[in-house]
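To keep things clear, I will list the structure first and then write my remarks on it.
Every number in this text was worked out from the coordinates using simple rules, so none of it is lab data. Please read all numbers here as calculations on a predicted model, not as lab measurements. Cβ sites come from the backbone with ideal geometry, for glycine too, and all protein chains shown count toward neighbours.
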Amino acid sequence: MLDLFPSREASPFGRRLKRERGARIPVTVVTGFLGAGKTTLIRRFLKSPEGHGTAVIVNEFGAVGIDDALVRDSAEETVLLGNGCLCCITRTDLQAALRRLIFDRERGTAPPFARVLIETSGLADPAPILQTFSTDRALGGEFHIDVVLTVVDAVNGEAALANAAEARKQVILADRLIISKTDLATPAVVETLTRRLQRLNPRATIDVAVAGALDPNRMIEPATRERSSFIAEAEHGDGIASFVMEREGPVSWADFSRAMETLIALRGPDLLRVKGLLDVAGCRGPVVVQYVQHLAHPPVELDSWPDENRMSRVVFITRNIPERQIRDLFAAVQALAK
Amino acid sequence: MNAPDKNPLTNGYQPVTWNFKLLANDMLGGFGGMGEGMSVQIAPDGRRIIWLAHESAPKNFTAVDVSDPRKPKVVCQTDLPHANMRSNSLETCGNLMAVAYQTSKKDLQPAGFELFDISKPENPKSISFFDCSGPHSRGVHQLWFCDGEYVHCASGSRDFVPTNPGDDQFYRCVDVRNPSKPVEVGRWWMPGTRQGDNVMPPTRHPIDKGFRAHNTNVYPQRPDRCYLAYIDGGMFVLDISDKANPKKVSQWTNSPPYTGFMHTVVPLFDRGLMLVTDESTENNAKDWPKLIWVLDARDESNLVSISTCPLPDHRIYAAAGRFGAHNIHENVPLQTAWHSDQIVLGTFFNGGLRAYDISNPYQPKEIGVFMPPAPPGAPTGTIQMNDVFVDERAVVYTVDRHIGGLYILEMDF
């Protein structure tokens, strides 16, 4: 459209945004293994002033309706998704529920909610849920995931992490980790768990909630504000690894996108999450890029850099792809361009 | 479709703030019924002052120090000489301010505009008054003054006898280069609206608001053009390269089938686009839909409507007061104004303040809403957002038509 109606104000990526989500509806995804204390945390949040205007989508696995009944009294709008796990069986239900929220809000039959909170079932793999929001066609034009929270139970967390791959993946893909029920565990157990979580996901900050008591802002603050977002290097087990690719100086958008397209074509399913800020040649602000498996979020340019650091930095969370291969691929694409 | 009184949707009206952050609200000393004149001055002492025209008597204008947008402070509030008039519109340029005066009936005084020296915001000094009164005139409803040289206004005149009494205001250009002696240099009216014209008077609309001028915008990118909204006559692009003889370049109207009252025309020069607004003037959304229209203006002689900015379901908003488009931020060509051809901010009475992303002009998308609770004592029981201005810091100022005064906001998108 810029060809027909050009604007000197616009960037190659469209309107520059003040923040990554632009005007989209912010979404908090709350994951955590069965019984980790997600519902308690959400109920507390909904009763706080910060929780006002939140629409809640609850995904149940098994005992349909119990958690929904717990949160319904305080949420602006609650949608219950039954029949299984959000990540696989009912992902289309999630899309339908989100679309319905938008339509109902437009029609005035739903209150003018300001954010959406998705409580996943304990067994959910967060990656496919993130995909739901990644493209315009898949609701990325309306919603934006501000933060993925994973709740880990201080008493049973260690066992869940040891026994269930889903629990490990929830921790690895989180932006923020919340340890619950610390009042029921010894300090030594909590400390051991904390160290294990740090090893699994060094990028995420770790908060502690006792009986659901957590600063409500921590439920909604965008993950981009986490200071530790770009901490490198973690070996997670299950073949999952994460690392940060950094680069000084402007990046050619054509080179970067060509490398990512190649990577997606070769190993798309194993790119669990890729997210970063790029100093793109010719752009004033940083360009936010995000990929979930084979889907790319539309890149957006921000008005300004969040801090003094102008270095391009991209976090890769991958499965069974050696870091070296990705670095080599980017180097090769760059060399070809020259 | 259910009748509004039986439709459950009409129960849905409630205040909402979406992607705006309220920094402050000032009810302006109990005189918070504001018109459509908002202009920001940087005073000689460095203070940032927003000048606001009142919608109706008894107050004329109010100056508010908004250097700290979180702590606005009224520094000046003036009275009108009598209750049968209003100021409604004003503009500042440096330390000069032009204020419109419109009387409620014809042949009253003072009807015209007044120029003030505002170098001391606490003590504005009158420089001159340009008289536009007459047996068929209510004076000036709106004016545009950004270059320090010419006031472009919607005005009546002693020598103008309209074919219909409702068509009394037309486009006038007044030279104020010598501010103590303003002189009219040109005028234009829609053919058929003045007695003696050689064309038939226009056919009236069912809701008859007059074939008369409203906004008279002129921009330095095209100093030879006036973008003239003409209420029930639609809008005109005028060639004013010869100010003494303005000529019509093109006209665009949506009425009928729409219900008239075209209000503002804002060209987006780089993009070949134009924004045109209606004004809702009837309570309970009787004149719905009143919209912001996006025009493809790449060929100024053939303007093509390509979209409108979407509004929520009017049945929800029909409950109280006006609902629909009115003023938009006009990219006033001053250093104290914000300029954007990507975002449109408009006021919609009980629909509050709304922001739209028009980066794809075929699909404007709502990106922000500020619809505060009804101010205490609001006669309609709702907010009636009337005008909006954004300064170069991107601080948003918006005013209530009845009582709520000034709201200062931050955009959050």
Provide the FRET efficiency to the nearest 0.05 for the B:Thr78-B:Arg298 pair, computing r from the beta carbons and using R0 = 35 Å. 0.20
For the pair A:Glu246/A:Asp303, report the inter-label distance in nm, with labels modelled 7 Å from Cα in the Cβ direction. 2.8 nm
For a footprinting-style exposure proxy, rank A:Thr182, B:Thr62 by other Cβ within 10 Å, fewest first. A:Thr182, B:Thr62
How would you rank B:Val185, B:Val174, B:Val140, B:Val369, going from fewest to most other Cβ atoms within 10 Å of each one's own Cβ? B:Val185, B:Val369, B:Val174, B:Val140
Between A:Ala254 and A:Ala188, what FRET efficiency comes out of the Förster formula 1/(1 + (r/R0)^6) with R0 = 60 Å and r the beta carbon distance, rounded to 0.05? 0.65
Which of B:Pro246, B:Pro121, B:Pro376 moves the most in a Gaussian network model of chain B with Cα springs under 10 Å? B:Pro376
Using only the alpha carbon atoms of the protein assembly as shown, find the Kirkwood hydrodynamic radius as the inverse mean reciprocal pair distance, in angstroms to one decimal. 28.4 Å
How many times 2.2 N^0.38 Å is the alpha carbon radius of gyration of the range B:30-339? 0.96
Sparse-neighbourhood loop hits (chymotrypsin sites (Phe, Trp or Tyr not before Pro), the range B:362-401; DSSP loop; Cβ within 10 Å at most 16 others) -> B:Tyr362
Could you compute how fast the range B:164-286 diffuses translationally, taking Rh as the Kirkwood radius over C-alpha pairs and applying Stokes-Einstein at 10 °C with viscosity 1.306 mPa s? Give it in µm² per second. 104 µm²/s
Check the straight Cα-Cα distances from A:Lys38 and name the lysines below 18 Å, setting aside those fewer than 8 residues away within the same chain. A:Lys47, A:Lys169, A:Lys181
In the range B:273-303, trypsin sites (Lys or Arg not before Pro) in a DSSP loop with at most 16 other beta-carbon atoms within 10 Å: B:Lys286, B:Arg298
Given B:Lys73/B:Lys120; B:Lys105/B:Lys125; A:Lys18/B:Lys21; B:Lys105/B:Lys243; B:Lys209/B:Lys365, which pairs have Cα atoms separated by over 19 Å? B:Lys105/B:Lys125; B:Lys105/B:Lys243; B:Lys209/B:Lys365
Give the order of B:Tyr258, B:Tyr317, B:Tyr356 when sorted by the count of other beta carbons within 10 angstrom, beginning with the fewest. B:Tyr258, B:Tyr356, B:Tyr317
Mind checking the full-extension length gain between B:Lys365 and B:Arg158? Use 0.36 nm per residue of separation minus the Cα-Cα distance, one decimal, nm. 70.0 nm
Enumerate the aspartates and glutamates that B:Lys59 could reach by cross-link, defined here as Cα to Cα under 19 Å, with residues fewer than 8 away along the same chain left out. B:Asp26, B:Glu36, B:Asp79, B:Glu91, B:Glu114, B:Asp117, B:Glu122, B:Asp387, B:Asp400
Within the range A:162-195, what residues put their amide N at less than 19 Å from the label point 7 Å along the Cα-to-Cβ vector of A:Ala211? A:179-187
Rounded to the nearest 0.05, what FRET efficiency do A:Asp328 and B:Asp224 give with R0 = 51 Å and r taken as the Cβ-Cβ distance? Could you check? 0.25
Given the -39500 (n - 2.57) contribution per DSSP H run of 4+ residues, what per-residue ellipticity at 222 nm results for chain B, rounded to the nearest 500 deg cm²/dmol? 0 deg cm²/dmol
Just flag the GluC sites (Glu not before Pro) in the range A:234-338 sitting in loop per DSSP whose Cβ has no more than 11 other Cβ atoms within 10 Å. A:Glu248, A:Glu308
